[in-house]
Protein chains: 2
Amino acid sequence: MSDKRAIGVFDSGMGGLTVARALRERLPHEDIVYLGDTARLPYGTKSPATVTAYALQATRALMKHDVKMVVIACNTASSVALEPLAHDLAPLQVVGVVEPGARAGLAATKTGRIGVLATESTVRGGAYLRAIRKYNPDTRIVQQACALFVALAEEGWTDGEIAHAAAARYLSPLFQTPSEAPDTLILGCTHFPVLAPAIAHVLGDTVTLVDSAATTAAAVAEALTKEQMTNDERHPGQNHFMATDGTERFARLGGLFFGQPIAPEDVELVDLQAGLSTTVQASP
Amino acid sequence: MSDKRAIGVFDSGMGGLTVARALRERLPHEDIVYLGDTARLPYGTKSPATVTAYALQATRALMKHDVKMVVIACNTASSVALEPLAHDLAPLQVVGVVEPGARAGLAATKTGRIGVLATESTVRGGAYLRAIRKYNPDTRIVQQACALFVALAEEGWTDGEIAHAAAARYLSPLFQTPSEAPDTLILGCTHFPVLAPAIAHVLGDTVTLVDSAATTAAAVAEALTKEQMTNDERHPGQNHFMATDGTERFARLGGLFFGQPIAPEDVELVDLQAGLSTTVQASP
């Protein structure tokens with residue numbers, strides 16, 4: 001019999017819903033419990049110590065829902081907090097987005113030159129550098145922090161003049177010298193897949209974009225293969241959402257990332273600071 | 001004898017340093033203690049209940065430095081938390097940025113049509129609407145949330161193509177019908193003054209920009225007039241900075257808003273959640 005417990009997914013906010021969406025598509029019969037730490041987002045500009053503390057609180061809240069696995073659908077938290085989380089949650093399996101993204105980037109590159117687009121924290125932490133070099137130390141890697149992409153994604157300005165100009169400003173320096181230009185770009189932030197059209201507009205189809213949402217979903221599916229569901233068990237998976245602030249905003253904007261509407265009443269407000277996962281009074 | 005205690009200033013992050021800068025220029029002999037809640041920024045997308053709770057913790061940390069007044073250099077916190085803060089800190093005087101900004105806007109407009117540019121929370125809270133209408137109920141007010149301005153300011157992309165395009169996208173709808181166009185725009189977020197050149201590039205010199213930093217400094221100076229310093233007391237004012245995360249980043253980017261360099265060693269790391277204002281281990 002398969003393990004019917006849900007897959008726990010967490011992110012600093014709504015971007016991780018791109019990972020939840022990929023999981024939903026790849027594993028339609030699994031239940032998903034998603035937690036967005038919207039009261040404290042973004043993680044991408046915060047210190048490793050703070051991000052780790054927040055991530056530990058978030059995963060403990062997921063544990064209260066008796067999940068069978070935790071997916072860290074946040075590049076920043078995956079970069080700096082995967083080891084402490086795995087230690088804290090053991091023997092529960094913890095999957096981050098960095099390792100699958102790094103492996104997918106390596107599989108895609110033909111020239112051995114990979115670019116990593118991420119938040120400031122992820123770039124500074126260097127987790128993608130280490131993950132890629134672990135498999136192939138000869139890979140040429142160039143990193144670029146793209147802070148404005150997060151704001152563009154949250155504003156819904158994912159295509160058009162401003163997105164194109166921002167993409168050009170961030171990416172042009174990476175492609176100035178053709179012999180050093182990457183042929184593969186890892187989208188190392190869960191907000192960035194919605195900006196893929198703008199990036200493609202600037203770079204054309206000469207560069208492969210690797211989306212860590214799809215690659216992480218594949219890694220989760222792989223980890224779960226030993227628990228094949230029987231036909232009797234194949235019911236449509238349920239989604240449960242939790243946010244630490246602004247459930248209405250989470251539902252309104254989250255639907256864009258999740259790829260299907262989220263009703264405000266389906267988003268539970270939780271407080272990670274004052275008693276873990278205690279439901280608090282809804283904000284006005 | 002004058003009250004030699006410092007003026008306490010707080011903001012969700014570094015934007016409030018534009019207010020501290022205006023205070024420093026207007027009141028060169030006053031000491032300033034500044035707290036940026038960088039671990040939990042931005043406030044502008046969070047619920048009123050959460051912003052109020054954070055603001056209360058922040059001001060209590062300032063109180064530990066025995067300040068004589070608290071300036072809420074954050075439009076979002078001023079909009080939603082001024083009353084609970086004033087109640088909590090009484091009899092200490094609390095000054096927000098909304099009231100001075102509203103009054104300055106009313107003083108500047110000739111047509112009685114004012115635009116308010118702010119964060120999503122400030123716009124939704126409607127504090128500027130109420131503050132302006134309290135003095136003149138006939139004022140025509142149009143509000144515009146400009147979330148990307150915050151990211152542009154923090155990225156340092158305050159002028160040039162992208163800033164101009166973002167300004168045009170936010171502002172053009174407000175000026176489509178000349179007979180309804182405002183003649184005065186209140187910059188209702190402490191990040192926005194650095195984008196004034198981009199806004200002026202789009203609108204020309206037909207619109208007056210009201211910067212709440214300068215107007216708030218004037219309001220603070222007015223409140224302090226009764227305590228004239230003697231010549232003997234006129235020493236250069238000291239600055240003390242506190243941040244809840246990323247002191248190095250605070251110093252590096254904060255200097256842009258403060259208008260003078262901030263050394264990383266001059267920024268104290270404080271923890272507002274686990275024991276108020278307790279100094280915690282510096283992040284790596």
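General remarks:
- Coupling constants for the stretch B:45-61 follow from the phi torsions by the Karplus curve (6.51 cos²θ - 1.76 cosθ + 1.60, θ = phi - 60°), and in residue order they are 10, 9, 6, x, 5, 5, 4, 5, 4, 5, 5, 5, 4, 5, 5, 5, 5 Hz; glycine and proline get x.
- Other copies of residue B:90: label-to-label distances in nm, shortest first, labels 7 Å along the beta-carbon direction: 5.5
- Tail fraction, Cα-Cα pairs, the protein assembly as shown, threshold 32 Å, whole percent: 47 percent
- For residue A:222, the point set 7 Å out from Cα toward Cβ sits 6.6 nm from its twins in the other copies, listed from shortest up.
- Remark: label point of residue B:234 defined 7 Å out from Cα along the Cα-Cβ vector; separations to the same position in other copies 8.5 nm, ascending.
- Its alpha carbons give chain B an Rg and a Dmax of 18.3, 57 Å.
- Karplus (6.51, -1.76, 1.60) ³J(HN,Hα), θ = phi - 60°, over the stretch A:256-261, in Hz, Gly and Pro reported as x: 4, 7, 7, x, 8, x
- Surrounding net charge for residue B:251, when Lys and Arg each add one and Asp and Glu each subtract one, Cβ distance under 13 Å: -3
- At q = 0.09, 0.16 Å⁻¹, base-10 log of I(q)/I(0) for the stretch A:99-212 (Debye sum, equal scatterers on each alpha carbon): -0.20, -0.66
- Cα shape, the stretch B:149-274, gyration tensor, a/c 1.5 rule: oblate
- Size of the stretch A:200-263 as Cα extents on the principal axes (Å, biggest first): 48, 34, 19
- Sorting B:142, B:19 from the fewest to the most surrounding beta carbons within 10 angstrom yields B:142, B:19.
- Per-residue Cβ neighbour rank within 10 angstrom, fewest leading, A:183, A:271, B:11: A:183, A:271, B:11
- For the stretch A:40-106 and the stretch B:157-230, distance of Cα centres in Å: 40 Å
- Where chain B is carried onto chain A by rotation, the Cβ closest to that axis, with its residue and distance in Å, is B:151, 2.
- Charged side chains reduced to their Cβ positions (Lys and Arg at +1, Asp and Glu at -1) give the stretch B:114-235 a dipole of some 520 debye around its Cα centre.
- Distance histogram in 5 Å bins (all Cα pairs of the stretch A:130-172, percent per bin): 5, 20, 21, 14, 11, 13, 12, 4
- Placing +1 on the Cβ of every Lys and Arg and -1 on the Cβ of every Asp and Glu, with nothing else charged, gives the protein assembly as shown a dipole about its Cα centre of roughly 40 debye.
Laboratory data are not the source of any read-out in this text; all were calculated from the coordinates shown. None of these values were measured; they are calculated from a predicted model. For neighbour counting, all protein chains shown are included, and Cβ atoms are generated from backbone atoms with ideal geometry for every residue, glycine included.
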